[in-house]
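Here's the structure we're looking at; comments come further down.
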Amino acid sequence: MKTALTLEQLTLAYTKNLTTVENLNLTVPEGELLALLGPSGCGKTTTMRAVAGLLEPKSGRIALHDRDITRVPANKRDIGLVFQSYALFPHLTAFENVAFGLRLRGVQKAELEQRVNAALETVALLEFAKRFPAQLSGGQQQRVALARAFVIRPQLMLLDEPLSNLDARLRLEMRVEIRRLQKQLGVTMLYVTHDQAEALALSDRVAIMNAGQIEQLATPEVIYTQPRTVFAARFVGFDTILPVQPLERRVRIGKHEFPYSLESRFNRAAWRAEHVRLGTGVWAARVLARSFEGQQVQYQLESELGVIQAAVPSATAVWKEQDSVTFDLPLEQAVWLVE
Amino acid sequence: MNSFAFTKWMLWLVLFFLIAPFSIVFITAFSDDNSLLFPPSSYSVRWLLSVMQTEIFVSSLITSLWLGFGATAIALVFGVPAAYALQRYPVPETEWIRTLLTSPLIIPGLVIGVALLKQFVLLGGNSVNLALLAGHAALVLPYAVRVVGASLANLPRDIEDAAFSLGASRAQVFWRVVLPNVRGGLAAATVLAFINSFNHVPVSLFLTGPGITTLPIRMLLHMESSYDPSIAALSMLVILFSMVFVFVTERVLGLSRYM
Amino acid sequence: MTNNRPRAWLLLFPATVFLLAVFVYPVGVFLLSSFRLENGVGLDNYFTFFSSEVNIEVYWRTVRIALLVTLVSAVVSYPAALAIMQLGAQYRGLLIGLIILPLMISPVARSFAWLVVLGREGLINKTLVGTGVLKESIPILYTENAVFIGLLQLMLPLMLLSLTSALENLPRDVIAAARSLGANSLQVFTRVILPLTRDGLTIGGTLVFTGCVTAYVTPALLGGPRVTMLATLLYQKAGVTVDEAATTVISMVMLLTTLAVNAALKSRSRGAA
């Protein structure tokens, strides 16, 4: 498979909010949707701005296909940008917003109209072509922004938290929409988000970023089931992360030892709330809080190991607040980590 | 709501105090008397016609118009790029420059006028016209910087980045995206700069010469020597002109319909 | 993009050079010449100026009237600005327009209107004598009162606009919150509105005071020869008697007075915040 985007030893200093990115390496194959996932300040937006050409790297190399674009200005990069704020031109109609990039490229009138209308049709906004941004809803504005970015047939699309300003329902709809668009156009996409569910749902691969570094780069399935670092585990929902001590054919957790063969380098174990088994096991706890969430009931337990989150299928969730309960942390479901 | 009644009364009182005196100007402008009486004993438009045919008033008006438009043009040409730089490219010196560019507002106009006369005309050998234009341009430059700057501050930077990434050069970003979106600010800056120059007295007070007297100065001089309704007539015409100018500028540059 | 400096300077250069040439340089050289003596440098021109009782009187009159106009405009503008807020958004544009309108009108025209109102044969005297309140007309024009009235009308809109915009920026519902906690109108004003609009008051005060000290037309027309202010004195010294030393000293004194009051107002508002 051909490579669309290559970042080599990229080092960025972003003076304003002090996120620095150091020696970042990343390759994105053609046609892939790769999500850069991380909390705010992790360097994902800094990286994206550098790829877009809005921020000059201190050192390193950025290549688009086989072309080195490290020093190419943003307006010569052929990259489609979609912003969290949509950044539509307030003085232009939806049609003219989408036509903006084509006009700058000197596309002839007939072709321009045909391409703009096709783009608006793709995002189901043809009937809103004559409206100004202020007359469109948030979701519609975001779709215009998408059309404006892909109509220039960019070699790469960058989406910076594109759904953060939308309400929850619209966000789910647009997720599907963006994925469909990306497949339909076959365009390579770099998708920046802090929302792990969003990243896992729509991307081919996810890069978890922390403090200017990529902590893990893998498919959503791998990221979800086998996070490789404590940070990645916590970020994708492993709520219980405990120190462990590997002994010979045994593992010590807290004051108990369990028979288990574990490589001696690991010193942490992580579980999701739904891995924790209630009503059985060696640990004692008291129910602090109980919240019903439809399919399951979420418990907050106070135990000798600290506060533990547990999720139990609703049918079996018989414990009430203040009840005493025992629980088990099944070793075969634990993810073993190094910190 | 006793307190509301009180504040409302104060508002009406203030508005009366601010606006009512102009009705006196308007009434006196239609006086038929030879000297200034209020209320006039009879009414006509003869003073209005007379001032429009008085050579020195007409030539002063033309001077003031040229001065106002010239100063406004200079202020916009210099001020708009500066406002843009102050907003978009903050450098360590930004605050100093901002203070410099708005400082004519806090320096007494008379001081600017005297200083220009002394350094620019008497010692520098420049013409009074040039000194007058320079003084007025300096005087109204802060309006261009401030008002356009405030307008730029409301334009999200992402919008420029978006245009840039779509292939626009810096100049294209400025002409096609920035300027159309600060039209309201430009209109306001134009109105403020022109009206302030047109009505301004202190800077011009010392910068007069043969054939160069601004209309407000001419009116002042006339008031010192004669006590007739011609000043009321002139004042009314100037007030009407100012209002028409504000209206037309607003129509041409428009306060954005899409905001 | 990281290095903005060349681009910034390219855009700032024309305006900066222009102002340095036609404003900073002439005004600076002119002001500094107030320290120049026949042989060397010194404060002699200042001593000469302030040794005259008439000059000191002019100075205090200017400061006194300016402070009074500032104070009265603030006292009058607070309730008016509150009323603008209370009347609701649909009237706000119109009311703000009516307040801005006088600012757009020539100070010459504005002072002229007061000549007609305040003169010996003016509207006020005629009315008061006509209705028998006064036996004979009293002098109003060419007194400090006339200058005060003229300047107040000239400057009031600046204070009113500053306070209105400060009130517009007040966090929503704080007044209602204070009321629900049991504050009466006066307490709402002194404990909530005043502290929260102090910046607007500072800006308005600075504009009004500076405007009063530097205004020329109003004191010239309404004060006449008897009520001389710094600006009219400056004009006499520069244009009539051509006393260059006095001209430069008055200019410097005007500037320092406005700067001092601006700084005092600013530090007060910062200290309180």
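Which one of these is out of contact with any Phe, Trp or Tyr (no Cβ under 6 Å at 6 or more places or on another chain) and outside any helix (DSSP H, G or I): C:LYS135, C:LYS126?
Working: C:LYS126 fails: outside any helix (DSSP H, G or I).
Criteria check complete, one pass: C:LYS135.
Taking the range B:31-49 on its own, how many of its residues are aliphatic (A, V, I, L, M) and more than 10 Å from C:VAL116 (Cβ to Cβ)? Explain how you work it out, then say what you get.
Kept after step one, since they are aliphatic (A, V, I, L, M), are these residues of the range B:31-49: B:36-37, B:45, B:48-49.
Then drop every residue that is not more than 10 Å from C:VAL116 (Cβ to Cβ), which leaves B:45, B:48-49.
The qualifying residues number 3.
Please find, among A:LEU102, A:LEU10, the residue that is buried (at least 21 other Cβ atoms within 10 Å of the Cβ) and more than 14 Å from chain B (Cβ to nearest Cβ). Give the steps one after another, and end with the answer.
Details: A:LEU102 fails: more than 14 Å from chain B (Cβ to nearest Cβ).
Result of the check over A:LEU102, A:LEU10: A:LEU10.
Is at least one residue of the range A:29-39 surrounded by 16 or more Cβ atoms within 10 Å (Cβ to Cβ), among the charged types (D, E, K, R) and in contact with a Ser or Thr (Cβ under 7 Å, 6 or more places away or on another chain)?
Within the range A:29-39, the first condition is being surrounded by 16 or more Cβ atoms within 10 Å (Cβ to Cβ), and the residues that meet it are A:31-38.
With the extra rule that they be among the charged types (D, E, K, R), the set shrinks to A:32.
So of that shortlist, the ones also in contact with a Ser or Thr (Cβ under 7 Å, 6 or more places away or on another chain) come out as A:32.
For the range A:29-39, residues surrounded by 16 or more Cβ atoms within 10 Å (Cβ to Cβ), among the charged types (D, E, K, R) and in contact with a Ser or Thr (Cβ under 7 Å, 6 or more places away or on another chain): present.
What number goes with the only condition from (1) of a type outside the set (A, V, I, L, M); (2) farther than 30 Å from B:VAL191 by Cβ; (3) surrounded by 20 or more Cβ atoms within 10 Å (Cβ to Cβ) that C:ARG5 does not pass?
So C:ARG5 meets the others, but not (3).
Go through (1) under 21 Å from the mean Cα position of the chain (by Cα); (2) open to solvent by 20 Å² or more (accessible area, probe 1.4 Å) one by one and return the number of the condition C:GLY130 breaks.
(1)
Return yes or no: is C:TYR142 of a type in the set (Phe, Trp, Tyr) and open to solvent by less than 20 Å² (accessible area, probe 1.4 Å)? Step through it out loud before you land on a result.
Numbers: of a type in the set (Phe, Trp, Tyr): yes; open to solvent by less than 20 Å² (accessible area, probe 1.4 Å): no.
So C:TYR142 fails the test.
What number goes with the only condition from (1) within 22 Å of B:PRO216 (Cβ to Cβ); (2) away from chain C (no Cβ under 14 Å); (3) open to solvent by 30 Å² or more (accessible area, probe 1.4 Å); (4) of a type in the set (A, V, I, L, M, F, W, C) that B:VAL45 does not pass?
(1)
When both residues are 6+ apart or on different chains and their Cβ atoms are under 6 Å apart, which pairs have a first residue that lies in the range A:302-320 and is within 14 Å of A:SER291 (Cα to Cα), and a second that is among the aromatic types (Phe, Trp, Tyr)?
A:ALA310/A:TYR299
Would you mind listing the helices (runs of 4 or more DSSP H) fully within the range C:1-111 where at least 3 residues are within 11 Å of chain B (Cβ to nearest Cβ) and in contact with a helix residue (DSSP H, G or I) (Cβ under 7 Å, 6 or more places away or on another chain)?
Working: elements: C:5-19, C:25-32, C:44-50, C:53-87, C:89-103.
Counting at least 3 such residues, we get C:5-19, C:25-32, C:53-87, C:89-103.
Quick one: B:ALA83 ticks every box in (1) free of Cβ contacts under 8 Å to residues at least 60 places away in the same chain; (2) surrounded by 24 or more Cβ atoms within 10 Å (Cβ to Cβ) except a single one, so which number is it?
Looking at each condition in turn, B:ALA83 falls short on (1).
Just to confirm my filter: which helices (runs of 4 or more DSSP H) fall fully inside the range A:179-287 and include at least 2 residues that are open to solvent by 10 Å² or more (accessible area, probe 1.4 Å) and of a type in the set (A, V, I, L, M)? Please lay out each step first, then the result.
Numbers: elements: A:196-202, A:220-225, A:230-235.
Counting at least 2 such residues, we get A:196-202.
Hey, could you check the range B:153-162 for residues that are more than 7 Å from chain A (Cβ to nearest Cβ) and free of Cβ contacts under 8 Å to residues at least 40 places away in the same chain and say which is farthest from A:GLY101 (Cα to Cα)? Explain how you work it out, then say what you get.
We begin by selecting, within the range B:153-162, every residue more than 7 Å from chain A (Cβ to nearest Cβ); these are B:153-155, B:157, B:160.
Narrowing the set further to residues that are free of Cβ contacts under 8 Å to residues at least 40 places away in the same chain leaves B:154-155.
Details: B:ASN154: 23, B:LEU155: 20 Å.
Looking at residues that are more than 7 Å from chain A (Cβ to nearest Cβ) and free of Cβ contacts under 8 Å to residues at least 40 places away in the same chain, I get B:ASN154.
Of all the residues that make up the range B:208-219, how many are modelled with pLDDT of 90 or more and closer than 18 Å to C:THR232 by Cβ? Break it down into steps so the answer makes sense when it comes.
Going residue by residue through the range B:208-219, those that are modelled with pLDDT of 90 or more are B:213-219.
Of the ones still in play, those that are also closer than 18 Å to C:THR232 by Cβ are B:216-217, B:219.
Residues that pass the stated criteria total 3.
Working only within the range B:1-57, note down all residues that are over 30 Å from C:LEU156 (Cβ atoms), part of a loop (DSSP other than H, G, I, E, B) and in contact (Cβ under 8 Å) with a residue 24 or more places away in the chain.
B:ASP33, B:ASN34, B:SER35, B:THR54
Tell me, which helices (runs of 4 or more DSSP H) lie completely within the range B:190-257 with 3 or more residues that are more than 8 Å from every other protein chain (Cβ to nearest Cβ)? Full working, then the answer.
Working: elements: B:202-205, B:215-225, B:230-253.
Hits in the range B:190-257: B:215-225, B:230-253.
Among the numbered criteria (1) within 9 Å of chain C (Cβ to nearest Cβ); (2) surrounded by fewer than 19 Cβ atoms within 10 Å (Cβ to Cβ), which one does B:ILE74 miss?
(2)
Can you tell me which of (1) surrounded by 24 or more Cβ atoms within 10 Å (Cβ to Cβ); (2) closer than 16 Å to B:GLY79 by Cα; (3) without any contact (Cβ under 8 Å) to a residue 40 or more places away in the chain is the one B:LEU179 doesn't meet?
(1)
Residues of the range A:307-323 being among the small types (Gly, Ala, Ser) and surrounded by 11 or more Cβ atoms within 10 Å (Cβ to Cβ), which ones? Write out each step before concluding.
Just the residues of the range A:307-323 that are among the small types (Gly, Ala, Ser), to begin with: A:310-311, A:314-315, A:317.
Scanning the range A:307-323 gives A:ALA310, A:ALA311, A:SER314, A:ALA317.
What is the residue count in the range C:171-186 for residues that are in contact with a helix residue (DSSP H, G or I) (Cβ under 8 Å, 6 or more places away or on another chain) and open to solvent by 20 Å² or more (accessible area, probe 1.4 Å)?
Step one: list which residues in the range C:171-186 are in contact with a helix residue (DSSP H, G or I) (Cβ under 8 Å, 6 or more places away or on another chain), which gives C:171, C:174-175, C:178-179, C:183, C:185.
Now narrow it down to the ones that are open to solvent by 20 Å² or more (accessible area, probe 1.4 Å): C:171, C:174-175, C:179, C:183, C:185.
Residues flagged as in contact with a helix residue (DSSP H, G or I) (Cβ under 8 Å, 6 or more places away or on another chain) and open to solvent by 20 Å² or more (accessible area, probe 1.4 Å) within the range C:171-186 amount to 6.
Looking at A:ARG61, A:ARG71, which is the one that is of a type in the set (Lys, Arg), in a loop (DSSP other than H, G, I, E, B) and either touching an Asp or Glu at 6+ places or on another chain (Cβ under 7 Å) or farther than 26 Å from A:GLN141 by Cβ (or both)? Don't jump to the end; show me each part of the working.
Working: A:ARG61 fails: in a loop (DSSP other than H, G, I, E, B).
None of the other options fit; the residue is A:ARG71.
List the number of the failed condition for A:VAL72; all other conditions in (1) over 30 Å from B:GLY184 (Cα atoms); (2) among the β-branched types (Val, Ile, Thr); (3) crowded, with 21+ Cβ neighbours inside 10 Å hold.
Of everything listed in (1) over 30 Å from B:GLY184 (Cα atoms); (2) among the β-branched types (Val, Ile, Thr); (3) crowded, with 21+ Cβ neighbours inside 10 Å, A:VAL72 misses just condition (3).
So that you can scan it fast, the table gives a plain yes or no per residue for (1) among the charged types (D, E, K, R); (2) in a helix (DSSP H, G or I); (3) touching an Asp or Glu at 6+ places or on another chain (Cβ under 9 Å); (4) modelled with pLDDT under 95:
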| position | (1), (2), (3), (4) |
| --- | --- |
| B:THR72 | no, yes, no, no |
| B:VAL77 | no, yes, no, no |
| B:GLU95 | yes, yes, no, yes |
| B:ILE107 | no, no, no, yes |
| B:VAL121 | no, yes, no, yes |
| B:GLY125 | no, no, no, yes |
| B:LEU133 | no, yes, no, no |
| B:TYR143 | no, yes, no, yes |
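Need the failing condition index for A:HIS91 against (1) part of a loop (DSSP other than H, G, I, E, B); (2) surrounded by fewer than 19 Cβ atoms within 10 Å (Cβ to Cβ), just the number.
(2)
Exactly one of (1) within 13 Å of another protein chain (Cβ to nearest Cβ); (2) in contact with a Gly (Cβ under 6 Å, 6 or more places away or on another chain) is unmet by C:ALA260. Its number?
All conditions are met except number (2).
Collect the residues in the range C:211-224 that are part of a loop (DSSP other than H, G, I, E, B), in contact (Cβ under 8 Å) with a residue 24 or more places away in the chain and more than 13 Å from C:ALA146 (Cα to Cα), keeping them in residue-number order.
Once the filter is applied, which keeps residues that are part of a loop (DSSP other than H, G, I, E, B), in contact (Cβ under 8 Å) with a residue 24 or more places away in the chain and more than 13 Å from C:ALA146 (Cα to Cα), the range C:211-224 yields only C:ALA215.
Is it true that C:VAL242 is in contact with an Asp or Glu (Cβ under 6 Å, 6 or more places away or on another chain), assigned to a loop (DSSP other than H, G, I, E, B) and either open to solvent by less than 20 Å² (accessible area, probe 1.4 Å) or within 12 Å of chain B (Cβ to nearest Cβ) (or both)?
Numbers: in contact with an Asp or Glu (Cβ under 6 Å, 6 or more places away or on another chain): no; assigned to a loop (DSSP other than H, G, I, E, B): yes; either open to solvent by less than 20 Å² (accessible area, probe 1.4 Å) or within 12 Å of chain B (Cβ to nearest Cβ) (or both): yes.
Spelling it out, it is not the case that C:VAL242 is in contact with an Asp or Glu (Cβ under 6 Å, 6 or more places away or on another chain), assigned to a loop (DSSP other than H, G, I, E, B) and either open to solvent by less than 20 Å² (accessible area, probe 1.4 Å) or within 12 Å of chain B (Cβ to nearest Cβ) (or both).
Output the residue which, of all residues in the range A:124-158 that are in a loop (DSSP other than H, G, I, E, B) and within 19 Å of A:VAL107 (Cβ to Cβ), is most open to solvent (accessible area, probe 1.4 Å).
Let us first name the residues in the range A:124-158 that are in a loop (DSSP other than H, G, I, E, B), namely A:124-125, A:129-132, A:136-137, A:151-155.
Still in the list and also within 19 Å of A:VAL107 (Cβ to Cβ): A:129, A:151-155.
Numbers: A:ALA129: 14, A:VAL151: 8, A:ILE152: 9, A:ARG153: 158, A:PRO154: 16, A:GLN155: 61 Å².
Of everything passing the filter in the range A:124-158, A:ARG153 is most open to solvent (accessible area, probe 1.4 Å).
The values are calculated or read from the model by the stated rules, or taken from the named source; none is laboratory data. Here the structure is a predicted model, which means the values were calculated and not measured. Quick reminder, even Gly has a Cβ in these numbers, built from the backbone with ideal geometry, and neighbours come from all protein chains shown. Note: accessible area is taken over every heavy atom of the protein model, side chains too, but ligands, DNA and RNA are not part of it. Shrake-Rupley method; radii C 1.70, N 1.55, O 1.52, S 1.80 Å.
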